[in-house]
Amino acid sequence: MKRVITLAGLALMASMGMAGPAAAATILFSNAPGDIGGSMSFNGAPGGTASIINGAIDNVTRISPTVGPSFSVTGTCGLLGGGCVNVVSGTYNAGLSNPGLGLYVFSPGTVTITGNTAVGSGTLYTGTFASNIEVQVTGTNGTLQGTLDGGTLNAGIAAAMFSTPNTIGGSGNDLFINFALNGTAGSGMVTQNQYQVITADVPEPASLTLLGTGLLGLYGSVRRRLGKRAA
């Protein structure tokens with residue numbers, strides 16, 4: 001009988017160390033409304049590129065599957081002294097572009113976000129693109145969009161967000177940038193920055209404690225039942 005109880009206990013203890021598939025945690029870097037700054041340029045000629053230089057990033061927050069925590073980002077960019085984001089594309093793709101409709105397509109490039117937060121400083125995120133980068137110009141405004149590939153999140157931010165530092169890449173990993181043209185062809189000022197990246201989720205300590213408590217309670221119930229039968 002003791003052997004049965006011991007085996008039941010060991011099975012429950014082992015299950016505490018077994019984790020199911022990790023959920024995806026979505027992290028968003030963004031600038032505060034009105035915190036404009038940084039330059040945008042693009043060159044729709046053979047060998048031309050598109051770039052964002054020193055765009056502003058004021059906040060990083062976890063938005064899924066649970067909301068929060070959230071941290072302010074400070075640095076030297078934007079009107080409010082936010083962190084900095086820099087994007088550099090690959091070369092211009094004339095075959096996929098349509099300048100007559102304001103569409104300029106560039107091959108994949110890189111993105112880097114730097115700044116200071118309460119949980120980590122320096123490089124906050126660095127990654128590459130999984131898709132071409134598209135610049136769409138409409139009147140005096142425009143957007144720069146693309147899908148991000150795998151990248152690396154600052155270790156301190158990842159730990160605070162209960163996620164892993166390595167981003168998954170692909171669908172759902174996107175950047176969206178608005179800019180206002182400044183009257184010079186192919187250049188403008190960045191007005192909005194949004195960078196959404198997805199990482200594998202790490203259960204919060206409280207969740208692990210509840211899981212362990214539940215399993216130990218189940219073990220105790222099994223042991224009591226077996227004890228009554230033996231009596």
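Before moving on, here are some points about what is shown:
- Apart from one condition, Gly81 fits all of (1) surrounded by 14 or more Cβ atoms within 10 Å (Cβ to Cβ); (2) at negative phi; the exception is (2).
- Here the strands (runs of 3 or more DSSP E) wholly within the stretch 16-88 that include at least 2 residues being farther than 26 Å from Ser107 by Cβ, free of Cβ contacts under 8 Å to residues at least 60 places away in the same chain and of a type in the set (S, T, N, Q) are 59-64, 70-72.
- Of the criteria (1) under 23 Å from Thr61 (Cβ atoms); (2) in a loop (DSSP other than H, G, I, E, B), which one Thr112 fails: (2)
- Test for Val137: is it aliphatic (A, V, I, L, M), without any contact (Cβ under 8 Å) to a residue 60 or more places away in the chain, surrounded by 15 or more Cβ atoms within 10 Å (Cβ to Cβ) and over 15 Å from Phe29 (Cα atoms): yes
- Taken together, the residues in the stretch 123-134 that are over 16 Å from Asn86 (Cβ atoms) and surrounded by fewer than 18 Cβ atoms within 10 Å (Cβ to Cβ) amount to 2.
- The listed residues are Pro99, Pro69, and the only one of them that is loosely packed, with under 15 Cβ neighbours inside 10 Å and over 25 Å from Gly34 (Cα atoms) turns out to be Pro99.
- Enumeration of residues in the stretch 134-188 that are under 13 Å from the mean Cα position of the chain (by Cα), among the small types (Gly, Ala, Ser) and part of a strand (DSSP E or B): Gly150, Gly151, Ser163
- Residues located in the stretch 115-129, provided they are part of a strand (DSSP E or B), on the phi < 0 side of the Ramachandran plot and over 15 Å from the mean Cα position of the chain (by Cα): Asn116, Ser121
FYI, it's all coordinate maths here, none of it is from the lab. Because the structure is predicted, anything quoted here is derived from the model rather than measured. Neighbour counts run over all protein chains shown; Cβ positions are idealised from the backbone, glycine included.
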